[in-house]
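A short write-up of the structure that comes next.
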Amino acid sequence: MPATTNRVGTSSFKPYTPAGEKHLPKSSIENLIPCIHFGPIKSGVIYVRPGHVRYQMEKYKALNEGFRVPASYDVDTLEPTAVTLPSAEPTAPRPRPARNAKSRPVICLNTGRFFDSVSQVANAYKLSTQILNYHLSGKGAQCKGRRLRFATPEEITQAEADMNWTYPGELLPMGK
């Protein structure tokens, strides 16, 4: 009979438990340390009890296989180390990036939103650029319920001056 494996997984004929510990329920891994095992044949995550990490390290070193303890644990004491979180101080808003000279800004007349290009509208509303160009050329009355138009030079200068600029005119309801 083959030896039990230390990997977590499922099988159609034999369920595995964390780190091969038969006395632990399958979902009880909160006290175990997830370590990475990488070898020539199989690689994966092994959940090891804190007292057995040294043994596992020596075992895989003798087998010329890799075994790594997560960086969040100190290898000597096997206690979780303090993790520094990024500061929660608010950052200054980023200025709007310079607009590509070839792109034409678009305004949505349903929401009043300003877009720097047709591709930004396509990404925001999940539309194809072909449908948008057909609508913006004046051949279609609406584009999947939305009414769009190219921005005028005055609106472009206002939008470049204020990043949160929206269309000041009357907004149209969504079409069907």
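Read the figures in this text as sums done on the coordinates, not as results from a lab. Worth saying up front: this structure is predicted, and the values here are computed from it rather than measured. All Cβ positions, even for glycine, are placed from backbone atoms using ideal geometry, and neighbour counts span all protein chains on display.
For the reader, a short list of remarks on this structure follows.
- Reported count of residues in the range 116-162, each being part of a loop (DSSP other than H, G, I, E, B) and without any contact (Cβ under 8 Å) to a residue 24 or more places away in the chain, is 12.
- Matching entry among 126, 102, 139, 144 (being surrounded by 14 or more Cβ atoms within 10 Å (Cβ to Cβ), out of contact with any strand residue (DSSP E or B) (no Cβ under 8 Å at 6 or more places or on another chain) and among the basic types (Lys, Arg)): 144
- Count of the range 115-159 residues which are in contact with a Gly (Cβ under 7 Å, 6 or more places away or on another chain) and small (Gly, Ala, Ser): 1
- The range 144-176, residues that are farther than 26 Å from residue 131 by Cβ and over 32 Å from the mean Cα position of the chain (by Cα): 154, 157, 158, 168
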